[in-house]
Amino acid sequence: MTQEAAGKIFGIPYNFERPSLKRLLSAYWQPGKGMIAETPFGIGYTLNLANWRSWLVLGVAAALVFQERKGEDETEEAVDVVIEE
C-alpha cells in the first residue's frame with residue numbers, strides 16, 4: 001500500500017511533493033484564474049496574486065493587523081473608584 005504525495009481528501013487538496021521554483025511561481029501567479037488557487041505545498045488553498053481581489057484581501061488584512069497593533073500601543077490609565085457608604 002503506497003500513499004500518494006498529492007491528491008484530495010474530503011474535497012481539500014494536499015500536495016507533499018518537493019516544491020520546485022516553477023511550481024511555486026505558477027501556484028501563486030495564475031492570470032485569468034480565480035482568486036483562490038491550490039497551495040503548492042501542504043494542505044488547502046492560497047491566494048492567486050494575479051487576481052486583483054487577492055490584493056484587496058491582503059490590503060484589508062494588513063489594515064486590520066495595523067489597527068490591532070495600534071490599539072495595543074495605547075495604554076489606558078488606571079481609574080481609582082471610591083465608594084462612600
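Just a few scattered comments:
- Residue within region 51-71 that is at pLDDT 90 or above, open to solvent by 90 Å² or more (accessible area, probe 1.4 Å) and among the β-branched types (Val, Ile, Thr) present: no
- Test: residue in region 43-61 that is outside any helix (DSSP H, G or I), among the hydrophobic types (A, V, I, L, M, F, W, C) and without any contact (Cβ under 8 Å) to a residue 12 or more places away in the chain: no
- Of the residues contained in region 1-11, none is found to be modelled with pLDDT of 85 or more and surrounded by 14 or more Cβ atoms within 10 Å (Cβ to Cβ).
The values are calculated or read from the model by the stated rules, or taken from the named source; none is laboratory data. This structure is a prediction, so every number in the text was calculated from the model and none was measured. A quick note on method: Cβ atoms are made from the backbone with ideal geometry, for glycine too, and the neighbour counts reach across all protein chains shown. Calculation scope for accessible area: heavy atoms of the full protein, side chains included, ligands and nucleic acids excluded. Shrake-Rupley method; radii C 1.70, N 1.55, O 1.52, S 1.80 Å.
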